[in-house]
Amino acid sequence: MLSRRALEDMKPLDHANLENVLSALHKAVGCAAPASDPGQPGASAPATEAERKGVDHLLQDLHEELHLVLVEHGGMAEELLRAYEQLGIVFEVTRQVARVSSEKEVVRLFGNSLRITYHDNEIRLAERSGDDLSWSPSPPPARESVVEVVEESIAGSRLVVRTLPSTTDGVDEIMSAPVFSGEDFVCAIVFTHGPAGRRFVASDMSLVEALLSFCGDLVRKCRLTEELRGMSMNLVRALVSAIDQKDAYTSGHSNRVGQFAKLLGAALGMDNEELQMLEWAALLHDAGKIGIRDDVLKKPGKLTTEELEHIREHPVRSHELVRRVPQLKASMDGIRHHHERYDGSGYPDGLAGEDIPLQARVILVADVFDALTTSRSYRAAFDVETALDIMRQEAGRVSDPALVSLFEEIIRREIAHQRISFERFSCQSTSPGRDTSERNNTPEECTK
């Protein structure tokens, strides 16, 4: 495709040169003289006044016709350039639309695409903030007039263009186009330009209306997808909670591991899809415990060899349960391998170091921390500082040392900003009659 610059560099008809040619021709005819002595035989007679006027009239008509052609040509060139620019917006949006996955990304895509084409305009995003409007990236000049146009466009659910009576704060013309998801207002895309800016024409309005209608449809799709994802997640959380209830001491464990794992995954730079699969894996990592005997899960003392082997079946049981859902394929590694140890002493496959999938290494760190900071049937909870100290001591043997270090930073930051509460994580005394001496307080014992 031709670039915008190529179109702008196309040479138009040379209007000035044609005007010069016509003027010279007019002068030549007006000043025409006999070619020879009219008395000589065969000499042509000088042009009469009527003939000169006739030629002059024809030249004037020719001049006017040519002027109309030149004006039309200029208008067609401008329309062609606008059409090309508008086609460029559509191409850019369709090229990138498959990559967006959230409402904010959709709106940002359309806003950025419009800014590229309407580069002689200032383009802002207006969103509702209570009864007022909030602006991005900044409040507009001529704010009172702009707000009035935006409110009119929202109230009428239509695009509104207004030329101000006089230039105000550098603004000469305003266009507001609202975006709706169904009947819900999402935002308005607001264009402003000064006297030097190009006026909005019907083709601009049609393009912006069509694009932002498409934007609204995509936002609605994102919202529906998010609602379905939320419903699915809530359903899984309910089922996982039912499994956790098999042991009162682990109630809510899987949900907390999911939250901790997402914090660590985000700090590692995982994208939204990877974080979603990580959360699924963390939520479902203990689903296989539904097949583990209650007397083993709730046993307060040390497990026998047979009981230990039985409880160690749960990662594989979890994997077998979840692998029947094709959509969760990307969460399989975290589910199966969350009990592998960094030194290779874990189970079920004895993987070591970075051979253990990253998803599983992340879940292990979150799993150990939650296990240490909650009470179990065989011991009371550790406080946060003690739990982090134990994890540091075991890093490199049980968990990935780099992840343990990063996780400690995250937990301290979250506590400092009061984004998570650790009131439940207090050191508790052992209940009367509970034997804690028969089990170790190491991370691998805590998470069995």
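Identify all residues within region 281-298 that are over 32 Å from the mean Cα position of the chain (by Cα) and either more than 13 Å from residue 316 (Cα to Cα) or not in a loop (DSSP other than H, G, I, E, B) (or both); write none if there are none. Residues satisfying the conditions are 287, 288, 289, 290, 291, 293, 294, 295, 296, 297, 298.
Could you tell me whether residue 176 is farther than 17 Å from residue 114 by Cα, touching a strand residue (DSSP E or B) at 6+ places or on another chain (Cβ under 8 Å) and free of Cβ contacts under 8 Å to residues at least 60 places away in the same chain? No, not satisfied.
Matching residues to (1) touching a Pro at 6+ places or on another chain (Cβ under 8 Å); (2) modelled with pLDDT of 95 or more; (3) among the β-branched types (Val, Ile, Thr):
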residue	(1), (2), (3)
299	no, no, no
303	no, no, no
314	no, no, no
329	no, no, no
343	no, yes, no
356	no, yes, yes
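Looking at 138, 176, 145, 166, just one residue is of a type in the set (Gly, Ala, Ser), assigned to a helix (DSSP H, G or I) and closer than 19 Å to residue 193 by Cβ, and that residue is 145.
A Cβ distance below 7 Å, combined with a sequence gap of six or more or placement on separate chains, defines the contacts here; from region 384-396, residues that are more than 20 Å from residue 420 (Cα to Cα) and assigned by TED's automatic domain parsing to the domain that holds residue 346 reach residues that are aliphatic (A, V, I, L, M) and assigned to a helix (DSSP H, G or I) in the pairs 390/372; 392/404; 395/404.
When the residues of region 112-135 are filtered to those that are in a helix (DSSP H, G or I) and surrounded by fewer than 19 Cβ atoms within 10 Å (Cβ to Cβ), which remaining residue is modelled with the lowest pLDDT? Give the steps one after another, and end with the answer.
Of the residues in region 112-135, the ones in a helix (DSSP H, G or I) are 112-117.
Right, trim to surrounded by fewer than 19 Cβ atoms within 10 Å (Cβ to Cβ) and you get 112, 115-116.
Numbers: 112: 86, 115: 86, 116: 81.
Only one residue fits best here, namely 116.
Considering only residues in region 245-269 that are in a loop (DSSP other than H, G, I, E, B) and modelled with pLDDT of 95 or more, the one that is farthest from residue 299 (Cα to Cα) turns out to be 269.
Would you be able to say whether some residue in region 199-213 is in contact (Cβ under 8 Å) with a residue 24 or more places away in the chain, more than 28 Å from residue 99 (Cα to Cα), of a type in the set (A, V, I, L, M) and assigned to a helix (DSSP H, G or I)? Looking for residues that are in contact (Cβ under 8 Å) with a residue 24 or more places away in the chain, more than 28 Å from residue 99 (Cα to Cα), of a type in the set (A, V, I, L, M) and assigned to a helix (DSSP H, G or I), one finds none in region 199-213, hence no.
The values are calculated or read from the model by the stated rules, or taken from the named source; none is laboratory data. Keep in mind it's a predicted model, so treat the numbers as computed, not measured. For neighbour counting, all protein chains shown are included, and Cβ atoms are generated from backbone atoms with ideal geometry for every residue, glycine included.
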